[in-house]
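The next block holds one structure in the form of structure tokens; read it before the comments.
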Amino acid sequence: MAKVEAEGRIRKLRDEIRHHERKYYLDNDPQISDAEFDGLMKELERLEAEHPDLRTPDSPTQRVGGAPVEGFPTVLHRSPMLSMDNVYSVEEFGEFVDRLRKLLPGREIAFVAELKIDGLGISVLYRGGLLVRAVTRGDGLRGDDVTSNVRTIRTLPLRIGRTGEVEVRGEVFLPIRTFENINAERERRGEALFANPRNAAAGTIRLLDPREVARRRLDAFLYSLAVDGGEIEGQWASLAALAGLGFKTNPHSRLCRSADEVIAFWRDGAARRDALDYDVDGIVVKVDDLGQRRELGATSKFPRWAVSFKFPARQATTRLRDILLQVGRTGAVTPVADLEPVKLAGTTISRATLHNEDEIRRKDIRVGDVVLVERSGDVIPKIVGPMKERRTGTEKPFVFPDHCPVCRSRLHRPEGEAISRCANPSCPAKLREALLHFAGRRAMDIGGLGEALVDQLLAAGLVGSLADLYALRLEDLAALERMGPKSAQNLLDEIAASKTRDISGFIFGLGLRHVGERLARTLADHFGDVEALSAASAEDLLAVEDVGPVVAESIVFFFAQPENRALLRALREAGLAFRRKAESPEDGARPLAGKTFVLTGALERLTRDEARSAVESLGGAVTDAVSGQTSYLVVGAGPGSKLAKARKLGVPLLSEAEFRKLIGRA
């Protein structure tokens, strides 16, 4: 076929295939048989193979890439993908509405209620109408670039009829029928079964081979739309605009003019959930008006204008076969119920949390009891309590041990706490979690050091502490299963590079109790040196912003342990940087050192994360709370209560333009 003729036929085939994809996957109204559809696709594949210069990224043949990818790079979200606060009853939802009315006195508030899909959050970016990037929600600030896998989702168009930059957000999920088929196949092959559709979806989206992802038939509902950085004026209008662009939105959504209408929708959703082909665990309620949402703002964790209204927990009874003990990264020993498998909310439950020793004693839970199990928020199974009237006399009270179940070291339970802990830093269970945390992206960022490899290192006896990572040899690593010389050298290069990571990542990676990523940065800024931090007294630490008595005591306790002091010595001898790098003249000064910024309201030209990065790169810090020590409050559109507090305390205010000018000069 001549090229001109082929070009016309390819164009016609693509249009026809896109039409039938929409009819099949979006409208649930197939117009041709599967065999006819496959015939169109094969003809298109053949013509593109004959004329490879006519193949384009938005062609239906490009949904599934060829070669597996090496890994997923991390991408910073343009604006945070915040999680939502939860309410579990009509009364709690009423309290949420009351808070809105206090913040928006005398105003009418309309809501959009949507079913809450139990899936995996995703952000998809289009430029010039073409799908260019897809990123998982991750920690809300950054996620994994899974573009090649998301392209396999048939309900997501590869091309849209809108130019400029379009970002859509939604939920990727696995239909229940598909989930059951996958588990049936895994059972036939003797493989471990997925616990529920959400776990299966999360595992699928992170598969390194897009061809396998395509076989699993993921789906997606979209709920958020931004065009050239600006949001649509209203959630209901946003859903309509998404549908108009060819995206799949959940048909079970409603514009509600009152709280009573939301409650009616919630009850209706709870009644219909078992008839759906996807998991839902509640409804999402959002203030519809964008102006009101900006006015309401957000806390550091949740938007004030939205809430997740959970359905009532589902319950079942089963027998408690045993109580097992798990040891975490910080040495926390957590009891876990081993249950006779029982079907609950579409999932087979065989494990449930028991929280701690006091909880077992308070509820009088005994091994052999028939217990009532519920899925709290439809996520984490927990035991409500024993069915005491069904006891036979053979049930046995559980005695919490005073030694670690893994390494047999003596357990320590701090006064006033409910959790017993293993203090042995070389405990294999504790060490495994510590290694994974230390190597994580937000800590030392040692790429390639995941669960499977850590298990191999421990099984082979190559690592007995964090410091042993820096003594690994090429020949030892290359001998491990699925490693080889090239992979081994790549890992050694990653480990070597971690020696020069900023000490904030090192402090976070040590796994000090109560010290998260942000506080690790604050401690690094304040002390500038790990040695200085390790020698700090409780009084020294209390002088640091965001450090209270409990945190100070935890840090002092950690560095007082002989085994932890020995670990620091070994890491220092391995060549890790223990202090912030001295700045060379060409690096420039840190003009915002000692300055603390707080952000409120929506910024037009910068995302919160971009503003934070700019300040921190210049030596300053960004915190969530306004105090007398705050240097500046940066005020965007629709500021919240922080503005009034800043004015009361006399904190200097900066507009976004003034803030950009300040960091530009700096």
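Rule-based calculations on the coordinates, nothing more; no lab input. Note that this is a predicted model, so its numbers are computed, not measured. Note: ideal-geometry Cβ built from the backbone for every residue, glycine included; neighbour counts use all protein chains shown.
Each of residue 316 and residue 631 was given a label point 7 Å from its Cα along the Cα-to-Cβ line. The distance between the two points is 5.7 nm. The fraction of Cα-Cα pairs per 10 angstrom bin, counted from 0 for region 526-651, comes to 11, 29, 31, 22, 7, 0 percent, rounded to whole percents.
For region 315-389, what is the charge dipole size about the Cα centre, in debye to the nearest 20, if Lys and Arg each add +1 at the Cβ and Asp and Glu each add -1 at the Cβ?
Value, rounded to 20: 80 debye.
Candidates 448, 471, 84 compared by Cα position along the dipole of the chain: farthest toward the positive end lies 84, with charges placed on Cβ. What is the sum of charges around residue 559, taking Lys and Arg as +1, Asp and Glu as -1, for the other residues whose C-beta is under 15 Å from the C-beta of residue 559? Net charge around residue 559: -2. Global size of region 86-310: 18.3, 62 Å for Rg and Dmax (C-alpha atoms, Rg to one decimal, Dmax whole).
Between residue 514 and residue 32, the modelled labels are 6.6 nm apart [label points 7 Å from Cα along Cα→Cβ]. Based on Cα contacts under 8 Å between residues 6+ apart, the chain shows a relative contact order of 10 percent. Using equal-weight Cα scatterers in the Debye expression, the normalised intensity of region 503-573 in log10 at q = 0.25 Å⁻¹ is -1.24.
If the chain linking residue 165 and residue 186 were pulled fully straight, counting 0.36 nm for each residue of separation and taking away their Cα-Cα distance, it would gain 3.5 nm.
Just add up the charged neighbours of residue 470: K/R +1, D/E -1, any other residue whose Cβ is under 12 Å from the Cβ of residue 470. Cβ neighbours under 12 Å give a net charge of 0. Taking 4.7 Å between C-beta atoms as the pairing limit, the chain has these partnerless cysteines: 256.
Spatial offset of region 365-429 relative to region 109-153 amounts to 38 Å, using the alpha carbon center of each. Counting only residues at least eight positions apart within a chain, or on another chain, the lysines with an alpha carbon under 19 Å from that of residue 388 are 363, 396. A Stokes-Einstein calculation at 25 °C with viscosity 0.890 mPa s, built on the Kirkwood radius of region 453-520 over Cα pairs, returns a diffusion coefficient of 184 µm²/s. Across region 86-310, Cα pairs under 8 Å and at least six residues apart give a relative contact order of 31 percent.
Rounded to the nearest 20 debye, the dipole magnitude of the chain is 520 debye, with +1 charges on Lys and Arg beta carbons, -1 on Asp and Glu beta carbons, and the Cα centre as origin. Enumerate the residues in region 297-332 having an amide nitrogen under 18 Å from the point lying 7 Å beyond the Cα of residue 367 toward its Cβ. Counting backbone N atoms under 18 Å from the label point, the list is 319-327. Remark: region 589-665 carries a charge dipole of roughly 240 debye about the Cα centre, counting +1 on each Lys and Arg Cβ and -1 on each Asp and Glu Cβ. Rounded to the nearest angstrom and listed largest first, the equivalent-ellipsoid semi-axes of region 589-665 from its Cα gyration tensor are 18, 15, 10. Sorting the segments 244-253, 559-568 by their mean number of nearby beta carbons within 10 angstrom, highest to lowest, gives 244-253, 559-568.
Relative contact order for region 503-573: 28 percent, from Cα pairs under 8 Å spaced at least 6 residues apart, divided by residue count. The distance separating the Cα centre of region 433-486 from that of region 505-527 comes to 23 Å.
Over the chain, what per residue volume does the convex hull of the Cα atoms give, in whole Å³?
Enclosed volume per residue, from the Cα hull, is 208 Å³.
Each stretch of four or more DSSP H residues adds -39500 (n - 2.57); spread over every residue of the chain, this sum gives -11000 deg cm²/dmol at 222 nm. Taking other residues whose beta carbon is less than 10 angstrom from the beta carbon of residue 511, and scoring Lys, Arg as +1 and Asp, Glu as -1, yields +2. Taking the Cα centre of each part, how many Å lie between region 591-631 and region 264-320? So the separation of the two Cα centres works out to 32 Å. For residue 499, the aspartates and glutamates whose Cα falls under 12 Å of its own Cα, not counting residues fewer than eight places away in the same chain, are 445, 573. A Förster distance of 56 Å, applied to the separation of the beta-carbon atoms of residue 418 and residue 127, puts the FRET efficiency at 0.65.
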